[in-house]
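First comes the structure, then the notes that go with it.
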Amino acid sequence: MTSITLDRIAHSYGGKPRLESDYQLKPIQHVWEQGFAYALLGPSGCGKTTLLNIISGLVIPSEGRLLFGDKDVTHLPTEQRNIAQVFQFPVIYDTMTVAENLAFPLKNRRLAKPVIDRRVAEIAKMLDLTADLNRRARGLTADAKQKISLGRGLVRSDVSAVLFDEPLTVIDPALKWELRSKLKSVHRALDLLMIYVTHDQTEALTFADKVVVMNDGRAVQIGAPADLFYRPEHTFVGYFIGSPGMNFMPAGVKGNRAEVAGFEVRLGEIYGDLSSDQSVQLGVRPEFVSVTSGPGLPAQVRRVVDLGRKRLAHVLLGNHPLVVRIPREMEGVGDVVNISIDPANTHVYVADVRVQGRAP
Amino acid sequence: MIDKPVNNRAWFFVLPVLGVVLFSSIIPVMTVVNYSVQDTMGANSFFWNGDQWFRDLLNPATTIGARFNDALFRTLGFSLACLLIEVPLGIALALCAPRKGWAVGISLVIIALPMLIPWNVVGTIWQIFTREDIGLFGAALVGIGLHYNVTQEPISAWMTIVVIDVWHWTPLVILLSYAGLRAIPDAYYQAARIDGASRWAVFFNIELPKLQKVLVIAVLLRFMQTFMIYTEPFVVTGGGPGSATTFLSIDLDKIALGQVDLGNAAAMSLVYYLITLTVCWIFFTIMTQLERRGDV
């Protein structure tokens, strides 16, 4: 049980990369600490599975070092790395019973039979597989099979990390919740380092202590779920996390004032001179823009969306589209309403990266 | 209710096929059935003989019965020998075949080559190849001091026919197994590596179970083809020496066309046919059973 260090790990499948865009995984420096649950979150093709496979040894990175504790394992084959991995689709051994499936990784490592039996019983209990232990794994349903895969990942107590590659893709939504909370409790009980790859933000945010948001081969932000929501460090994080994502508007920023489409917006922090040749954007989540009866910015309502739990309006501020949260009773497409933006939750982005202002 | 017009005109399109089948199969088979219950004194005059031909055939005490019995066990032995060699060898070679890169195409073509050679050429190639005086293979074996003579030694003749079949048809097993192996998702191999499985464990727990379906097909095809083996012994050994390589089809050919013993030949070919049908049915049952069990 150790921490895992990515020391400027980078990977390009094509061999020698010349441009930065040749990297499928751009250089990343990070330490995964023992006992924590991490999520790798990003759209398809962002490099998250590559990163996972580098940790498990299925892919050897073209640059950088991978350390388990102090030991350099960059070039060690998978079977010598103390890693467990659960794949997107259930992988079970057809010819074996559920118990034999769970015992397989332990048996291959020549553990004593009583030790194996005890561990298998323990894991089966955690995953509600006890009743099925003596059944053939072949005839079970997809979610039971995936539970077996999860079980095989969790059964070894000596692993440095358990890696999950979108393990709940094939599971029904109702069971997803159950399995996810089960995994969470298993994580607490076993005190393992878990890394969970997903493109589903709910899955990532509910499972993980820390989320690594990836886009285009780059880890754009690593932080707790609340950080990602309240302080997105990159416009991609603002856009990808939250439903709907953050509003971004081109803005001219001076001191604690921003000018958007001819209107003045008050900011929570004081910024220096940002008038560079790069694009400056003001970012604010829909949750922090409200319709007010008092003074505010005039915006025209174009569309109202009822999500059941909340209602949103797509409005135009000048000619910039914006999504705002609206109260239940409000109607009126085409109306002009006054909106107010919460200064404390505004952020300024230069070339897509958040700039930290000075406290007022 | 959906108001669908009843229209069975599609049956008319099946009629030509029925016509072809009638002339290619049904009429010939009924002719054989006809011969199997009649006897003749020549001059095209037939009389009813009941099930006597069948009784004789299935009674090893009669001459024809003993002959049939010998040929049947010889053929079954041959099928068994070929299956025992070809299936494991085919799987082993499929496991060794390259999985990616330029070598895939080349090796698959080379593997498939023997299957593309016409049967009479196969016979002629091996007939010359195994001659103990001028054949490369035969002369080489004699050269290193072995008693090898296809036309005089029963063991040589048997071995030769088995070797020909292995050379000719193991490629089929290789290609089927190769396709089956390629269909196994990578995740299984990756999971096995992570689970610390040995090469043997991967073979017995992943590859072999996943190959089950294609192997049933391979065994069926190889059984049928070896059970009806005709051309190789016909060209290379002529069924000899003695009757060492007189398999069912060769024997049938001798009785029907050599001796023009129509009653015995008809009864024999019908029993031969029923054996084939039974084996097919068994395999079909196994296959559908596997299908029903799902995700093999």
Fill in the blank from the handout: Under the helix-only model (-39500 (n - 2.57) for each DSSP H run of 4 or more, divided by the residues of the protein assembly as shown), the mean residue ellipticity at 222 nm, to 500 deg cm²/dmol, is -13500 deg cm²/dmol
Practice task
Please name which of B:Thr63, B:Val33, A:Ile339 has its Cα lying farthest along the dipole of the protein assembly as shown towards the positive end, using unit charges on Cβ (Lys, Arg +1; Asp, Glu -1) and the Cα centre as origin.
Solution key: A:Ile339
Handout entry: Dipole magnitude (debye, nearest 20) for the range A:196-304, charges at Cβ of Lys, Arg, Asp, Glu
Key = 320
Completion exercise
A:Lys125 neighbourhood, Cβ < 13 Å, K/R = +1, D/E = -1, net charge 0
Handout entry: Size of charge dipole - the protein assembly as shown - debye, nearest 20, with Cβ of Lys, Arg +1 and Asp, Glu -1, no other charges
Key = 1300
Fill in the blank from the handout: With the 1.4 Å probe rolled over protein heavy atoms, chain A has an accessible area per residue in Å² of 45
Practice task
Report, to the nearest whole %, how much of the accessible area of the range B:119-186 belongs to carbon and sulfur atoms, 1.4 Å probe, protein only.
Solution key: 68
Practice task
Select from A:Met246, A:Gly318, A:Val212 the residue farthest towards the positive end of the dipole of the range A:192-332; place +1 on Cβ of Lys and Arg, -1 on Cβ of Asp and Glu, and compute about the Cα centre.
Solution key: A:Gly318
Practice task
Enumerate the amide H contacts of A:Asp335 below 5 Å, restricted to partners 5 or more residues apart or on another chain; note that Pro and chain-start residues carry no placed amide H.
Solution key: A:Val301
Handout entry: Out-of-range pairs (alpha-carbon distance over 19 Å; input A:Lys147/A:Lys182; A:Lys184/A:Lys210; B:Lys100/B:Lys213)
Key = B:Lys100/B:Lys213
Handout entry: Modelled FRET efficiency - R0 30 Å, A:Asp191 with A:Asp128, Cβ distances, 0.05 increments
Key = 0.90
Practice task
Quote the charge dipole size of the range B:71-294 about the Cα centre in Debye, to the nearest 20; the model charges only the Cβ of Lys and Arg (+1) and of Asp and Glu (-1).
Solution key: 860
Exercise for the section: Set the Förster radius R0 to 22 Å, insert the Cβ-Cβ distance between A:Thr95 and B:Trp200 as r into 1/(1 + (r/R0)^6), and round the FRET efficiency to 0.05. Expected result: 0.95
Handout entry: Karplus (6.51, -1.76, 1.60) ³J(HN,Hα), θ = phi - 60°, over the range B:16-25, in Hz, Gly and Pro reported as x
Key = x, 4, 4, x, 5, 4, 4, 7, 8, 10
Fill in the blank from the handout: The farthest towards the positive end of the charge dipole of the range A:4-240, of the residues A:Ile195, A:Val31, A:Thr97, given +1 on Cβ of Lys and Arg and -1 on Cβ of Asp and Glu, is A:Thr97
Completion exercise
Scalar couplings 3J(HN,Hα) for the range A:258-269 by Karplus 6.51 cos²θ - 1.76 cosθ + 1.60 (θ = phi - 60°), nearest whole Hz, x for Gly and Pro, are 10, 10, 10, 6, x, 9, 9, 10, 7, 10, x, 10
Handout entry: Segment B:Ser243-B:Ile134, extension gain: residue separation times 0.36 nm, minus the distance between their alpha carbons
Key = 36.8 nm
Practice task
Report the extension gain between B:Leu15 and B:Asn69 in nm, rounded to one decimal, defined as 0.36 nm multiplied by the number of residues separating them, less their alpha carbon distance.
Solution key: 15.3 nm
Problem - 3J(HN,Hα) from dihedral phi, the range B:186-194, Karplus parametrisation 6.51/-1.76/1.60, rounded to Hz, x for glycine, proline - result: 4, 4, 5, 5, 5, 4, 5, 5, 5
Fill in the blank from the handout: Sorted by chain and then number, the residues having a modelled amide H within less than 5 Å of the amide H of A:Ala224, at least 5 places away or on another chain, are A:Val211
Completion exercise
One finds the C-alpha centres of the range A:326-360 and the range A:151-208 to be spaced, in Å, by 35
Exercise for the section: Extending each Cα 7 Å along its Cβ direction at B:Leu257 and A:Gln80, get the distance between those two points in nm, one decimal. Expected result: 6.5
Practice task
Kindly sort B:Glu153, B:Glu86 by accessible area of their heavy atoms, largest first, with the probe set to 1.4 Å.
Solution key: B:Glu153, B:Glu86
Fill in the blank from the handout: With R₀ set to 22 angstrom, the calculated FRET efficiency between the beta-carbons of B:Met224 and B:Trp119, to the nearest 0.05, is 0.90
Practice task
Count the net charge of all other residues whose Cβ sits under 14 Å from the Cβ of B:Leu108, scoring Lys and Arg as +1 and Asp and Glu as -1.
Solution key: +3
Handout entry: With DNA, RNA and ligands ignored, accessible area of B:Leu274 (1.4 Å probe; Å², nearest 10)
Key = 100
Exercise for the section: Just the number, please: buried accessible area between A and B, total of both chains, 1.4 angstrom probe, nearest 100 square angstrom. Expected result: 1800
Practice task
Starting from the Cα of A:Val305, step 7 Å along the direction of its Cβ; do the same at A:Lys184; then give the gap between the two resulting points in nm.
Solution key: 2.5
Practice task
Report, by chain and number, residues whose modeled amide H sits under 5 Å from the one on A:Ile9, excluding near sequence neighbours (fewer than 5 apart, same chain).
Solution key: A:Ile28, A:Arg65
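The values are calculated or read from the model by the stated rules, or taken from the named source; none is laboratory data. The structure displayed is predicted, hence computed values, not measured ones. Glycine also receives a Cβ, built like all others from the backbone with ideal geometry; neighbour counts cover every protein chain displayed. Only protein heavy atoms, including side chains, enter the accessible area calculation; ligands, DNA and RNA are left aside. Shrake-Rupley method; radii C 1.70, N 1.55, O 1.52, S 1.80 Å.
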